[in-house]
Amino acid sequence: MEEYFINCPIKSQYGIDCPGCGMQRSILELLNGRLIESIKLYPATIPIFIFLILATVYIFYRFNKGEVILRNYIYFLIVIIGTNYLYKVLKFLF
């Protein structure tokens, strides 16, 4: 399966991870049932899946305050992805 992974152009060009680096490997680990390894590789994978489920349910059922919930959840995802990226950059620099 790893042979079909898309190479990160930012990592190949500059040698530093992008905010999405690790997601493909994380999904593969999750599909193989290795939850902890998946979270270590990319902590936002499971929350992103939860967001996709919530957004899909909202599209079909338009539940009360759905837009507010989804918007706040996106902010939550931005914090997770940003924190993970900052950790990777600092780890790379030091």
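Before moving on, here are some points about what is shown:
- Residue-averaged [θ]222 nm for the chain, counting only DSSP H segments that reach four residues, each worth -39500 (n - 2.57): -23000 deg cm²/dmol
- Calculated from backbone phi, Karplus (6.51, -1.76, 1.60) coupling profile of region 40-54 in Hz, x at Gly/Pro: 5, 6, 7, x, 8, 4, 5, x, 5, 4, 4, 4, 4, 5, 4
- Close amide-amide hydrogen proximity is noted between C21 and no other residue 5 or more places distant or on a separate chain, at a cut-off under 5 Å (H modeled in the peptide plane; Pro and chain starts excluded).
- Relative packing of peptides 51-61, 25-35 - highest average C-beta neighbours within 10 Å first: 25-35, 51-61
- Each of M23, M1 was scored by other Cβ atoms within 10 Å of its Cβ. Listed from fewest to most, they are M1, M23.
- In sequence order, calculated HN-Hα J values of region 64-72 (Karplus, 6.51, -1.76, 1.60; Hz; x Gly/Pro): 4, 6, x, 5, 5, 4, 5, 4, 5
- Of [x] 12.4, 42; [y] 18.0, 65; [z] 15.4, 48, the label for Rg and Dmax of the Cα atoms in Å derived from the coordinates: [z]
- Karplus-derived 3J(HN,Hα) values for region 15-30, using 6.51 cos²θ - 1.76 cosθ + 1.60 with θ = phi - 60°, are x, 10, 5, 9, x, x, 4, x, 5, 4, 5, 5, 5, 4, 4, 5 Hz; glycine and proline are entered as x.
- Sorting T45, T83 by the number of Cβ atoms found within 10 Å of their own Cβ, with the fewest placed first, yields T83, T45.
Laboratory data are not the source of any read-out in this text; all were calculated from the coordinates shown. All values reported here derive from a predicted model rather than from experimental measurement. As a convention, Cβ positions derive from the backbone with ideal geometry for all residues, glycine included, and neighbour counts pool all protein chains shown.
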